[in-house]
Amino acid sequence: MHSEPVTVLVVEDEALIRLAIVDELEVAGFQIFEADSAAAAIAIIERHAEIRMIFTDIDMPGTMDGLKLAAYVRDRWPPIKIIVTSGRVIPGAGELPLGVPFVAKPYDFDFIVRSIHTAMSE
């Protein structure tokens, strides 16, 4: 179906959660980059034009949380698809950029894989 794997950037400050989702996505055939903050994520995106999807937590350290990161990426790199997740916060109407889905934690890895495939086919 795809000639090359989809490159996903996982942005999650909790190391164990990040390792788990990175492992599951790699097993599913995705190429993965990972970041523990929005600032680190932006630096990675600037160096790797092959990134086509961002999977980001909302709650993160620093001046930019996952919602602000999603809005920034949508404005600066519109082709990059985004999925936002959180175990603590459920975004209200209008808090997510248009077309960006929210997935509550704890999440089902198979659902995340399907969600990425669905977003990439749109």
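Observations on the model:
- Potential extension, I44-R114 segment - 0.36 nm per residue separation minus Cα distance: 22.8 nm
- Stretch gain in nm, segment A71-K105, where the contour uses 0.36 nm per residue and the Cα spacing is subtracted: 10.2 nm
- Whole-number percent relative contact order across region 1-70, with pairs defined as alpha carbons under 8 Å at least 6 apart: 38
- Point-charge dipole on Cβ atoms (K/R +1, D/E -1) for the chain, about Cα centre, debye to 20: 380
- Charge dipole of the chain about the Cα centre (unit charges at C-beta), most positive-ward option of V10, A93, S121: A93
- In percent, rounded to a whole number, the relative contact order of region 78-122 is 44, using alpha-carbon pairs under 8 Å and six or more apart.
- Ordering P79, F109, T63 by the projection of their Cα atoms onto the charge dipole of the chain, which places +1 on the Cβ of Lys and Arg and -1 on the Cβ of Asp and Glu, puts P79 at the extreme positive end.
- Charge dipole magnitude, Cβ of K and R +1, D and E -1 - region 51-107, Cα centre, debye nearest 20: 180
- Value of [θ]222 nm, deg cm²/dmol, for the chain, DSSP H segments ≥ 4, -39500 (n - 2.57) each, nearest 500: -12000 deg cm²/dmol
Only the coordinates and a few stated rules stand behind these numbers; no lab work does. These numbers were taken from a predicted model, which means no experiment stands behind them. Here the Cβ is made from the backbone with ideal geometry for all residues, glycine too, and neighbour counts use every protein chain on show.
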